[in-house]
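Written below as structure tokens is the structure these notes are about.
Any read-out appearing in this document is the output of simple, stated calculations on the displayed coordinates, not a laboratory observation. The structure presented is a predicted model; accordingly, all values stated were derived computationally and were not measured. Neighbour counts run over all protein chains shown; Cβ positions are idealised from the backbone, glycine included.
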Amino acid sequence: MKYTEIAGYKFNNPALLELALSHTSYANERHKQSNQRLEFLGDSVVGLIIGEYIYENFPKMHEGELSRIRAGIVCEKGLVKCAEKIGLGNMLLLGKGEEMSGGRTRPSNLEDAFEAVVGAVFLDSDFYLAKEFALRVMRDIIKEMIAKDGIEDYKTALQEYYQQKGDVKIEYQLVEETGPAHAKVYTMAVNVNGRREGQGSGHSKKDAEQNAAKNAMSRVKK
């Protein structure tokens, strides 16, 4: 068996780690079980670990904030970062076609494998050791999402916030465009029902819109 340890955790039953690393393409070629069931279990374990962690460590956060931060941590982007941190892509067991088509860096494969590994650690030990393992690997993404208040897409967050308050019209307006052609800086404003709620700058209009929405969200929170 090639792997018996991952990210500082040594398996009592290495077959569980092998199963967690087994993509469906690999399993189908060898008529074995894939990591899908372990991924299902790991998804629940990760959600509970993160939910408990932020509940215990941030007693002043209300339910909406807790849910938003947890969602930001356990989304595909967050879990892919965790998988990449521990070199999970290089460890995956893939079928020939999946290997040739870039399966080692495919986000869905990395996300599923990370959840499967957490599920495997849980079965190999107990919840507390699985929690220790997950938090050790996920420390950076947890800090990042708490700093961002769990928000990756400020435009969507702003839209969802105002939709709760009824029918609104949100528009982004170019305020200023400065700098040379190869390094322009755009300043965008976000207007809600004609009223300016935020403003931000960036090297693309898309980035400037996100920063304007972020500025508006910071005002909303206050």
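Working note: Karplus 6.51/-1.76/1.60 with θ = phi - 60° gives segment 92-107 the couplings 4, 9, 10, x, 4, x, 5, 4, 6, 9, x, x, 6, 10, 5, x Hz, where Gly and Pro are set to x.
Note on residue 62 and residue 7: the extension gain reaches 16.5 nm, defined as 0.36 nm multiplied by sequence separation minus the Cα-Cα distance.
Want the number for residue 174 to residue 33: 0.36 nm per residue separation, take away the alpha-carbon distance, what's left? Please report the intermediate quantities before stating the final value.
Details: separation 141, 0.36 × 141 = 50.76 nm, distance 5.43 nm.
45.3 nm is the gain from fully extending residue 174 to residue 33.
The slack in the chain from residue 191 to residue 101, taken as 0.36 nm per residue of separation less the alpha-carbon distance, amounts to 28.0 nm.
For segment 123-131, backbone phi angles converted through the Karplus equation (6.51, -1.76, 1.60; θ = phi - 60°) give residue-by-residue couplings of 5, 6, 9, 6, 4, 5, 6, 5, 5 Hz, Gly and Pro being listed as x.
Projecting the Cα atoms of 47, 168, 33 onto the charge dipole of the chain (Cβ charges, centred on the Cα centre) puts 168 farthest toward the positive pole.
Calculated from the structure at hand, Cα extents along the principal axes in Å is found among (1) 46, 40, 32; (2) 49, 40, 37; (3) 62, 44, 30 as (3). Here the 3J(HN,Hα) profile of segment 165-177, calculated from phi with Karplus coefficients 6.51, -1.76 and 1.60 at θ = phi - 60°, is 9, x, 6, 10, 10, 10, 10, 10, 10, 6, 9, 7, 9 Hz, Gly and Pro shown as x. With respect to the chain, whose longest principal axis is taken over its alpha-carbon atoms, helix 154-163 is tilted by about 70°.
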